[in-house]
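Notes to accompany the following structure.
Computed from the coordinates by the stated procedures, all read-outs in this text should not be read as laboratory data. Keep in mind it's a predicted model, so treat the numbers as computed, not measured. Here the Cβ is made from the backbone with ideal geometry for all residues, glycine too, and neighbour counts use every protein chain on show.
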Amino acid sequence: MRERKIETMLVKQVKAAGGMTLKLISPGMAGVPDRIVLLPGGRILFVELKAPGEKPRPLQRKRHEQLAALGFQVLVIDNAEAIQEVLN
């Protein structure tokens with residue numbers, strides 16, 4: 001399964017749950033996660049999408065650590081089953 005297909009599934013499932021997924025593009029800062037997920041109840045998390053078995057690059061891991069240090073949840077999703085973790 002390709003990364004794009006997993007991303008499409010994430011967008012659809014979050015929308016069905018009443019949330020939003022915003023594409024994150026940050027020209028001044030490389031390595032930021034792919035999506036910001038906004039869920040009902042004020043829950044915000046960042047999602048990095050990968051093809052099955054792929055892992056974040058070192059710069060992406062650094063950005064994830066920076067966001068986590070600020071108190072944000074960052075998830076790496078590389079399969080359709082992991083999308084449920086976002087919704088829980």
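Quick notes on this one:
- Some residue of the range 24-34 being in a strand (DSSP E or B) and closer than 23 Å to M1 by Cβ: no
- In the range 43-83, the residues that are within 13 Å of I6 (Cα to Cα), in contact (Cβ under 8 Å) with a residue 24 or more places away in the chain and not in a loop (DSSP other than H, G, I, E, B): V47, E48, L49, V76, I77, A80, I83
- Checking the range 25-38 against the condition returns a match, with at least one residue being of a type in the set (A, V, I, L, M, F, W, C), surrounded by 15 or more Cβ atoms within 10 Å (Cβ to Cβ) and touching a Gly at 6+ places or on another chain (Cβ under 7 Å).
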